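Some notes on the structure that comes next.
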Amino acid sequence: MGAIDGKKSISAAVAFSLALVGSALTGPAQAQTLGGLPVDRLPAAGGIVTVLAILAVIIGSILTSPRMKNSSLFNRLFIVVAVAAGFFSALSSAIGFSLITSQENEDFLRNAVLPPAFGVFVFFLAVAIWVGGAEFMRHRDWFRAMGDGFIADMAFFIERCIKLFVVIPILAVVLFFVSTWTTVVGIGGADAVRYTYRFEIDRLSAECAGITNYRLKDFLFLEDLRLSVDDITRVADAERVGGSQSGAAGAGAVTEYYTRLAAWYQGLEESVATIMEAPHPSGLDPYKPEICAAKADELQRLLSRNAHDNIDRWAREFETAFNDFAVVMNRWRHDRRIELLLDQQLVNFNRANPKPVGARITARQHAAIDRYAAEVEDALKTLVRRQKLAKPPIPQKSAAELSPARGLEIFREWLSPPEPVAEEEKRSRTQAIVAQEFVPGLSTITPRDAVLKNANIFSDVWALAISWDYAPYILMFAFLFFPSAERAAGYKD
């Protein structure tokens, strides 16, 4: 009677679930909600209901099966737990397998067939190990001819211990590599990759902020250059009005020289301003600090997209956007156009210096011209020196540089941690050293490496995968110490 009632309740639950799915699929397309649930959430709700319906059928079949009439409730629930664990492990393992093996190209067998097939394999493997293993452990193999008695019971207990603590753990090791590992990758693989890439986005944002601050110093240099132009212009005006340098006021050779030198210096200032105002060769303006936040936001949006649709395409699109911006920042770092222009003008200063020659100037005027030319040259050298001393910040180390281990090297790193690297002696950052410094690109990592590298961060994922893969093993101890737990009342030994 209980079995019939159980079947009716399960059938009702399945019918209700299917009706819910049917109403979700056949409801009006124009409705924004259906039963209070947003339409865009219906596929997820349908998936949940389908999974629950399948589980209800499986649990109902186990609890109401005539073959289980002499089994205890604990034994039936043990089978339910083992089957449910295998079911959920199969789902997450299929997802993990797809993250490990899928490719960006349209490979039907590799991308669409292999992951669910692997999930089915994991399900039957888990059921075979736990359900079959429990039955294997409960039956005598070595001491069947001993009959009953205390010695026979002790021999049977020893046999069960060997099976429970030796044979089944060996089978569980196979399950770990086949199921638990892919379960962890399936549940936490994409999030572990995101964790590493968020660190990289933060690094790139810090690099961008430092480089844009370095480039904004060009405005201070330009302002200094403009002040120098104003100073030279005032000296030229003072010479023309009062002869402040040569003692001879009015138009003359010295005044003409000062005016022409001021015009040359102003042309230099205009050239620097043109370089800064023109579109940057990289395609992005380093003098707009808000570009750092905009790029970080763009990368975060790429990172937050669904990685499970196609993990390779998702990773490639993010990597391309990241590395493209890293290349742009390196062009900002190594942009020496202003410095090279000033160097060239300083080298050519004597050739471009419009000094008057001939007998039309006096010795006093000649001395004033030479003295002021030296002052202008020293001022230009000071500006060039200041521009060279302004250097971009030292590039930060990427995740791959901080922890380069990948694959099996991660396990070796756990077993034998590398010795701390001694700090390098500080050395002067010459221009040659700065020219060899580059912002590192993206530290690419796969889901399987990411969950290992960040096992301490995703410890809850590991705990979850281990718990539902090995919960049946804990329940099997009851069969060891309490053999009567297998049989229902009236069927016990």
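For this structure, a couple of remarks:
- Flag if GLU375 is modelled with pLDDT of 80 or more and acidic (Asp, Glu): no
- Count of segment 81-119 residues which are open to solvent by 60 Å² or more (accessible area, probe 1.4 Å) and within 19 Å of ILE59 (Cβ to Cβ): 2
- Qualifying residue in segment 148-169 (condition: assigned to a loop (DSSP other than H, G, I, E, B) and farther than 30 Å from SER443 by Cβ): yes
- Within segment 255-282, the residues that satisfy the criterion of being open to solvent by 20 Å² or more (accessible area, probe 1.4 Å), assigned to a helix (DSSP H, G or I) and closer than 30 Å to VAL328 by Cβ are GLU269, GLU270, SER271, THR274, ILE275, GLU277.
- Here is the figure for segment 296-310: residues that are assigned to a helix (DSSP H, G or I) and open to solvent by 50 Å² or more (accessible area, probe 1.4 Å) total 5.
- Flag for ARG313 being open to solvent by 60 Å² or more (accessible area, probe 1.4 Å), modelled with pLDDT of 90 or more, of a type outside the set (Ser, Thr, Tyr) and assigned to a helix (DSSP H, G or I): no
The values are calculated or read from the model by the stated rules, or taken from the named source; none is laboratory data. Model, not experiment: these values are computed from the prediction. Cβ atoms come from the backbone with ideal geometry, glycine included; neighbour counts cover every protein chain shown. Ligands, DNA and RNA are excluded from the accessible area calculation, which covers all protein heavy atoms including side chains. Shrake-Rupley method; radii C 1.70, N 1.55, O 1.52, S 1.80 Å.
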